[in-house]
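The values are calculated or read from the model by the stated rules, or taken from the named source; none is laboratory data. A quick note: this is a predicted structure, and the numbers were derived from the prediction, not measured. All Cβ positions, even for glycine, are placed from backbone atoms using ideal geometry, and neighbour counts span all protein chains on display. Quick note on the areas: whole protein, heavy atoms, side chains included, nothing else; ligands and nucleic acids left out. Shrake-Rupley method; radii C 1.70, N 1.55, O 1.52, S 1.80 Å.
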Amino acid sequence: GIFNLLDVALIGYMLGTEEASVFVIVSLLTWLPTTVTYGFFEAMAKMTPNAVDEEDYALAGTYFNASVMLFTLAMVPIGLFWSFLTSQAFIWLGFDIETAELAQNYAYLQVGLEWITGIGYCVHLFLEIIGHEKYRTYANLLFGVGQTLGIVLQSLTGHNSLVYVGIFRNMFAGLHVIGSILIVVCLGWLKQYSTGIIVIPCKETSTFRAIFSAGCPMGVSYFLTYGEWELLALFAAALGPAETVTWAILGYLWSILKYISDGIADA
C-alpha cells in the first residue's frame, strides 16, 4: 500500500507520467490473473494449521511444497500470455505504438517479479502459520524498502528507464527471497518440516490434489476480494495516463485502509 504509492510517485517524478502509467497498467495486467493463483497459498494456510496441531510436520511441509509447485505451474501460462500480448493490450486501450513497445519490454520483467513475489509471499505466510509472524512483518517491510530502493538506484545508473526499474526491482526481490530462505534455514525454523518440503510431487499426489481442489475456488474468492480496484483502474486506462495513475493511487489508499482493518480484526 504505502510503498506502492511511493513507487508510483517516484517513477512519475523521475521518469514522467507516461512511464508511471505504463508501470501501473502493466502491474495491473499481470497482477489480476496472478490473484487467482494465490488461492493455492490460501488453501495451504487453511490446511497447514491442522497438520501442525496434529504434529504431522511432514504433511505441513508437503502443503507448502504443493502450493509453491501449483503456483509456479499456474504462472507459466500467465507469463507466456503477457510476454506476447501486452503491447496489443496497450494498443487496444488506446496507447500509441511507442508506449505499447515500452509496456511490452517492461512486462517481461514484471511477470518475473510476480513469480518471485509470490514465492516470497508463500514462504512468509508459512512462517506466520508456524509461529513466526513477527519475522514476516519485518520481511515484508524490508521487501517494500528494497522495491522502492530499486527505483532510486536505477536513476543513479544514468539510464532513467522503466526497464532498468524492472531489473533492479527483480534483483532486490530475488535477493530478498533467497536471503529469507537462508535465514530461516540457518535458524532451524524449517528443520522439522523439511521432509515434506523437499518431497517429490508424484509421491504425494493426494496432498497436491487437496491443495488444487481447495485452491481453485479460493483463488476466485481472492480475485473478487483484492481485484476490484485493479479492474476499475484498468477501465480508467481508456481515459488517459493521468486518470490511470489517479485510480491506482486511490486503489493503493483503499488497500492501506483494508490492511489496517484486517490487522485489527486478526488481532
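Please name all residue pairs, on different chains or six or more residues apart, with Cβ atoms under 8 Å, provided the first residue is in the range 127-146 and is surrounded by 18 or more Cβ atoms within 10 Å (Cβ to Cβ) and the second residue is at pLDDT below 80 and acidic (D, E).
That search, which allows pairs on different chains as well, returns L127/E133.
Restricting attention to helices (runs of 4 or more DSSP H) lying wholly within the range 1-64, give those where 2 or more residues are over 24 Å from L93 (Cβ atoms), out of contact with any strand residue (DSSP E or B) (no Cβ under 8 Å at 6 or more places or on another chain) and not aromatic (F, W, Y). Lay out the reasoning, then the answer.
Details: elements: 2-14, 17-37, 39-53.
Qualifying helices (runs of 4 or more DSSP H): 2-14, 39-53.
Could you check the range 97-137 and list, in sequence order, the residues that are under 22 Å from G179 (Cβ atoms) and of a type in the set (S, T, Y)?
Listed by number, the residues that qualify are T117, Y121, Y135, T137.
Hey, can you tell me all the residues within the range 79-113 that are assigned to a helix (DSSP H, G or I), in contact with a Pro (Cβ under 9 Å, 6 or more places away or on another chain) and crowded, with 20+ Cβ neighbours inside 10 Å? Quick ask: steps written out before the conclusion?
Step one: of the range 79-113, the residues assigned to a helix (DSSP H, G or I) are 79-92, 97-113.
From the residues that got through so far, the ones that are in contact with a Pro (Cβ under 9 Å, 6 or more places away or on another chain) too are 81-82, 99.
W82, T99, listed by residue number.
Only residues that are open to solvent by less than 20 Å² (accessible area, probe 1.4 Å), touching a Phe, Trp or Tyr at 6+ places or on another chain (Cβ under 8 Å) and closer than 21 Å to Y108 by Cα: list them for the range 15-71, please.
V22, F23, I25, V26, L29, T30, L32, T35, T37, Y38, F71
Would a scan of the range 161-178 turn up a residue that is under 26 Å from Y63 (Cβ atoms), part of a helix (DSSP H, G or I) and open to solvent by 20 Å² or more (accessible area, probe 1.4 Å)?
Yes.
So, in the range 88-117, how many residues would count as being under 26 Å from G174 (Cα atoms) and among the small types (G, A, S)?
Applying the first criterion (under 26 Å from G174 (Cα atoms)) to the range 88-117 yields 101-117.
Next cut, among the small types (G, A, S) only: 103, 107, 112.
Going through the range 88-117 one residue at a time, the tally reaches 3.
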